[in-house]
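Have a look at the structure below before the remarks.
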Amino acid sequence: MDSASEGAGEPGAPLLVLHDVQHVYDDDGVQVEALRGVSLTIASGEFVALVGQSGSGKSTLLHLMGAMDRPASGKVLLRGRDLALLDDDGRTAVRRREVGFVFQFFNLLPTLDLLENVMLPALLAGTRASEARRRAEELLAAVGLGALGGRRVSGLSGGERQRGAIARALINGPALLLADEPTGNLDTHTGSEVVRLLRGLPAARGTAVVLATHARDIVAAADRVLTLRDGRIEAPAAADPR
């Protein structure tokens, strides 16, 4: 497969729908209810901040949105498909082609240079090396790292690593980008630069962005803020009419 995924849908159209999602995990023999009936809709091209105290269920919710885990009950629909009904190969394909991930600690591979890190998801998705390189070089230029493709991770600043991680997350043209505390390991100035970069994605690429965060500037920049408390959404969850 040499082309990027289908990418984002029509702006404002429902992209991701969660209906009465519940999730339980085992904590050393104790059953913990991480999510208790979460229902929400994320529209294409929407920028959503997910806030709440540690342990409120934010990371669990992102994992379910990104097909990294299955809910105990309820439905997670991406473009109308129930992710829980996909087999392991199907869920892997969703993660590679339709969803991008950005983490607090970057998760770049130290044995690869920056360009190779950005190329990797495209290669894993079956893209030819020449096309993967072209896309990666284009994305690195777009995030201001065009001159640093040959540099190893150890030679990059925290902000450069996070911008590289964002480029990597976008390499397959995902419709949905999920970020878990993407500025949590950065200083205030660098974090603000990363926020501006992420905030521009819906307009520039039509990508829906959902971020779990405590950062006030991300919350202020969001189209919508969802508050999780004890595994439940407190804020209005339905997408605003466009």
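The values are calculated or read from the model by the stated rules, or taken from the named source; none is laboratory data. This one's a predicted model, so the numbers in the text were calculated from it and none came from an experiment. A quick note on method: Cβ atoms are made from the backbone with ideal geometry, for glycine too, and the neighbour counts reach across all protein chains shown.
Would you call R196 without any contact (Cβ under 8 Å) to a residue 60 or more places away in the chain, buried (at least 17 other Cβ atoms within 10 Å of the Cβ) and part of a helix (DSSP H, G or I)? Can you show your working first?
Numbers: without any contact (Cβ under 8 Å) to a residue 60 or more places away in the chain: yes; buried (at least 17 other Cβ atoms within 10 Å of the Cβ): no; part of a helix (DSSP H, G or I): yes.
Considered against the rule, which asks whether it is without any contact (Cβ under 8 Å) to a residue 60 or more places away in the chain, buried (at least 17 other Cβ atoms within 10 Å of the Cβ) and part of a helix (DSSP H, G or I), R196 comes out as no.
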Worksheet item: Looking at segment 34-52, is at least one residue out of contact with any Pro (no Cβ under 6 Å at 6 or more places or on another chain), of a type in the set (V, I, T) and without any contact (Cβ under 8 Å) to a residue 60 or more places away in the chain?
Response: no
Discussion item. Quick test of your reading of the structure: R79 fulfils all but one of (1) of a type in the set (K, R); (2) free of Cβ contacts under 8 Å to residues at least 12 places away in the same chain; (3) at positive phi. Name the failing condition by number.
Written reply: (2)
Practice prompt. All but one of (1) at pLDDT below 95; (2) within 14 Å of the chain's Cα centre (by Cα) hold for G159, so report the exception by its number.
Written response: (2)
Discussion item. Quick check on A179: is it touching a Leu at 6+ places or on another chain (Cβ under 7 Å), surrounded by 24 or more Cβ atoms within 10 Å (Cβ to Cβ) and assigned to a helix (DSSP H, G or I)?
Written reply: no
Worksheet, complete the sentence: Picked from segment 31-61 (must be of a type in the set (D, E, K, R) and over 16 Å from the mean Cα position of the chain (by Cα)), the residue nearest to L201 (Cα to Cα) is R36
Practice prompt. Hey, can you tell me all the residues within segment 127-145 that are part of a loop (DSSP other than H, G, I, E, B), surrounded by 13 or more Cβ atoms within 10 Å (Cβ to Cβ) and of a type outside the set (A, V, I, L, M, F, W, C)?
Written response: T127, G144
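Out of L178, L148, which single residue is at pLDDT 95 or above and within 25 Å of V210 (Cα to Cα)? Show your work before the answer.
Numbers: L148 fails: within 25 Å of V210 (Cα to Cα).
When all the criteria are applied, what remains is L178.
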Worksheet entry | Where Y25 falls short, out of the listed (1) in a strand (DSSP E or B); (2) hydroxyl-bearing (S, T, Y); (3) within 24 Å of V225 (Cα to Cα) | (3)
Worksheet item: So which residues in segment 150-169 are touching a strand residue (DSSP E or B) at 6+ places or on another chain (Cβ under 6 Å) and either farther than 12 Å from L112 by Cα or surrounded by 21 or more Cβ atoms within 10 Å (Cβ to Cβ) (or both), if there are any at all?
Response: A165, I166, A169
Worksheet item: Can you name the residue in segment 222-242 that is at pLDDT 90 or above and small (G, A, S) and, of all such residues, is nearest to P174 (Cα to Cα)?
Response: A222
Discussion item. Going by what's in this entry, would A84 be described as within 21 Å of L61 (Cβ to Cβ) and among the small types (G, A, S)?
Written reply: yes
Worksheet item: Restricting attention to segment 188-209, does a residue exist that is within 24 Å of R96 (Cα to Cα) and modelled with pLDDT of 95 or more?
Response: yes
Worksheet entry | Residue count, segment 60-76 (criterion: surrounded by fewer than 17 Cβ atoms within 10 Å (Cβ to Cβ) and farther than 24 Å from P182 by Cα) | 3
Discussion item. Being assigned to a loop (DSSP other than H, G, I, E, B) and surrounded by 21 or more Cβ atoms within 10 Å (Cβ to Cβ) is the filter here; which residues of segment 199-212 pass it?
Written reply: T207
Worksheet item: Within segment 37-59, restricting attention to residues that are under 15 Å from A72 (Cβ atoms) and crowded, with 16+ Cβ neighbours inside 10 Å, which residue is modelled with the highest pLDDT?
Response: V38
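For segment 57-76, name all the residues that are in a strand (DSSP E or B) and touching a residue at least 60 places away in the same chain (Cβ under 8 Å). Lay out the reasoning, then the answer.
First, pick out the residues of segment 57-76 that are in a strand (DSSP E or B): 73-76.
Correct list: V76 only.
Of the residues that sit in segment 97-112 and are farther than 11 Å from R168 by Cβ and surrounded by 19 or more Cβ atoms within 10 Å (Cβ to Cβ), which one is modelled with the lowest pLDDT? Step through it out loud before you land on a result.
Here is the first cut: in segment 97-112, the ones farther than 11 Å from R168 by Cβ are 97-99, 104-105, 110-111.
Those left that are additionally surrounded by 19 or more Cβ atoms within 10 Å (Cβ to Cβ): 97-99.
On the way: R97: 91, E98: 95, V99: 96.
Residue satisfying both the conditions and the ranking: R97.
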